[in-house]
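Trainee: Have a look at the structure that comes next, please.
The values are calculated or read from the model by the stated rules, or taken from the named source; none is laboratory data. None of the values given here were measured: they were computed from a predicted structure. Backbone-built Cβ (ideal geometry, glycine too); neighbour counts: all protein chains shown. These accessible areas exclude ligands, DNA and RNA; they are computed on the full protein's heavy atoms, side chains included. Shrake-Rupley method; radii C 1.70, N 1.55, O 1.52, S 1.80 Å.
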Amino acid sequence: MKRIQRGRWIPIASLAAASMGLGGCTEYRIETTLNADGSGVRHEKMMVQEFEDEADNAALRADFGYLMFATEDFRWTHEREVQDGDTLHVFLRETQVKGHDSWTDLSDNVHIAGATGADADTRVGNVRLGDVHFRNRVRVESGRVTEGTTFTYRETFYWENLAEVLVEYFARAYTSAIVAQYPSLTNEQRIELAEHVRASYWFTVGQGLFETSGDKENELVSAFAERTASRTARVVRARYPDVREEFFKDLVEEIYDDDEFEASMSDQLPGIQLAINSEIVFRLNMPGRVTSSNAHDRDGNTLVWEFVPGDALTAPLEIVAESIVER
């Protein structure tokens, strides 16, 4: 699992630097214990720094609770805690797991909504913003071997519809700018331009755009801009013979780095901005002796993973561990 620097996983240059509107960085701690009889327990704790103004704090609790599903309806409690002079809003939840068949009940417990109710029905391409979510899925398996009982714990974290929305936002902004500059383009030409910029963007995503930064990101964006500009110029020249490719290349790079474009998108998808500024610390206690895992670290008998929701943008992120309880 490739770690992605907080605030850089989204394919827009400075979205994470914008005012978050939901406090500072959110730390989401999850500690899960699987017992030898198949039962277990999960403790969850989310912490976010409060504002100085009490009205802002009330809004924070409401927005944070809605986007993170961190309300009493989902069995969360809320309290304030002071750490190093900072006051934090702390959300707590404990879940008891009765046996093997109950572990799947933890699926969808980790949940971030992309949009609030006001924008949920807004469509970007074929996707409703209300259908953009970060979720988890849990599965526990056990088996018998000569040495004893084996256990496998799997938890998958994944996004629904986010990559599609990000690509569509860009395609819409690019095509709209072209049409404003060259209004005589036919409807067929406009459709062709939109289809090409989508395809070119997806190709760049496949090359690792969402997982990189710095010189590598600049290199991918430059190649994306050149491909898109070349095809756009061929289409537009049918009506405007004197167009220059350089104009379209500059337009791609300008939109990619445009603060106003980023702010508009983040206004409609505040949950994505919240996810950018969240870090998940996942601790897992397995029964018996751990035989394999993909953990980042180990604290005694506890396996530890640290990641951000953006790590799952282009492919699901999976936590997996195996152990054996010997006879």
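Trainee: How much length is gained on full extension from Ile191 to Asp73, taking 0.36 nm per residue of separation minus their Cα-Cα distance?
Mentor: Numbers: separation 118, 0.36 × 118 = 42.48 nm, distance 4.46 nm.
The span from Ile191 to Asp73 would gain 38.0 nm if fully extended.
Trainee: Can you compute the charge dipole magnitude of the chain about its Cα centre, using +1 on each Lys and Arg Cβ and -1 on each Asp and Glu Cβ, nothing else charged? Give it in debye, rounded to the nearest 20.
Mentor: Working: 34 positive and 57 negative charges, 260 e Å.
About 1240 debye.
Trainee: Report Ser176's accessible area, 1.4 Å probe, all protein chains in place, as a number in Å² to the nearest 10.
Mentor: 70
Trainee: Right, next: Roughly how many debye, to the nearest 20, is the charge dipole of region 163-260 about its Cα centre, given +1 on each Lys and Arg Cβ, -1 on each Asp and Glu Cβ, and no other charges?
Mentor: Values: 11 positive and 20 negative charges, 128 e Å.
For this selection, approximately 620 debye.
Trainee: If I fit a long axis through the Cα atoms of helix 162-181 and take the longest principal axis of the Cα atoms of the chain, what angle between them do I get, 0 to 90°, rounded to 10?
Mentor: Between helix and principal axis, roughly 10 degrees.
Trainee: Any chance you could count the Lys pairs in the chain whose alpha carbons are under 29 Å apart, treating pairs 8 or more apart or on different chains as valid?
Mentor: Numbers: Lys2/Lys45; Lys2/Lys216; Lys45/Lys98; Lys216/Lys249.
Close lysine pairs found across the chain: 4.
Trainee: Report Lys45's accessible area, 1.4 Å probe, all protein chains in place, as a number in Å² to the nearest 10.
Mentor: Lys45 exposes around 50 Å² with every protein chain in place.
Trainee: As a test of reading the structure, rank His196, His111 by solvent-accessible area (1.4 Å probe, protein chains only), most first. Present the calculation step by step, with values, prior to reporting the outcome.
Mentor: Values: His196 35, His111 15 Å².
These residues rank, largest area first, as His196, His111.
Trainee: Here's another thing I want to ask about it. Measure out, as a whole number of angstrom, how far apart the alpha-carbon centroids of region 174-226 and region 80-116 sit.
Mentor: 38
Trainee: Taking only the Cα atoms of region 105-218, how large is their convex hull per residue, in Å³? Working shown, then result.
Mentor: On the way: hull volume 21.1 nm³, N = 114.
Taking the convex hull of the Cα positions in region 105-218, it is 185 Å³ per residue.
Trainee: Using alpha carbons only, how many degrees (0 to 90, rounded to 10) separate the axis of helix 245-256 from the longest principal axis of the chain?
Mentor: Between helix and principal axis, roughly 30 degrees.
Trainee: With every protein chain present, what accessible area does Phe170 have (1.4 Å probe, heavy atoms only), rounded to the nearest 10 Å²?
Mentor: Looks like 0 Å² after rounding.
Trainee: How large is the helix-only mean residue ellipticity at 222 nm for the chain, computed as the sum of -39500 (n - 2.57) over DSSP H runs with n ≥ 4, divided by its residue count, in deg cm²/dmol to the nearest 500?
Mentor: On the way: 7 runs with 107 residues, N = 327.
One gets -11000 deg cm²/dmol as the mean residue ellipticity at 222 nm.
Trainee: Of the listed values [x] 19.9, 61; [y] 23.1, 80; [z] 20.7, 66, identify the label whose number matches Rg and Dmax of the Cα atoms in Å calculated from this model.
Mentor: [y]
Trainee: Would you mind working out the accessible area per residue for the chain, using a 1.4 Å probe, and quoting it in Å²? It would help to have the intermediate numbers written out before the result.
Mentor: Details: 15290 Å² over 327 residues.
Per-residue accessible area for the chain comes out at 47 Å².
Trainee: By how many degrees, between 0 and 90 and to the nearest 10, does the Cα long axis of helix 259-268 differ from the longest principal axis of the chain?
Mentor: 50
Trainee: For Ser264, Ser39, write out the residues from largest to smallest accessible area, computed with a 1.4 angstrom probe and no ligands counted. Can you show the working numbers first?
Mentor: On the way: Ser264 65, Ser39 20 Å².
Result of the area sort, largest leading: Ser264, Ser39.
Trainee: What is the gain in length, in nm to one decimal, between Asp121 and Ala223 on full extension, counting 0.36 nm per residue of separation less the C-alpha to C-alpha distance? Could the numbers behind the result be given before it?
Mentor: Details: separation 102, 0.36 × 102 = 36.72 nm, distance 3.44 nm.
Extra length from Asp121 to Ala223 when fully extended: 33.3 nm.
Trainee: How large are Rg and Dmax for region 56-169 when calculated on the C-alpha trace, in angstrom?
Mentor: Rg then Dmax for region 56-169, in Å: 18.6, 60.
Trainee: May I pose another question? Taking 0.36 nm per residue of sequence separation and subtracting the Cα-Cα distance, how much length would be gained by fully extending the chain between Thr33 and Ala315, in nm to one decimal?
Mentor: 98.9 nm
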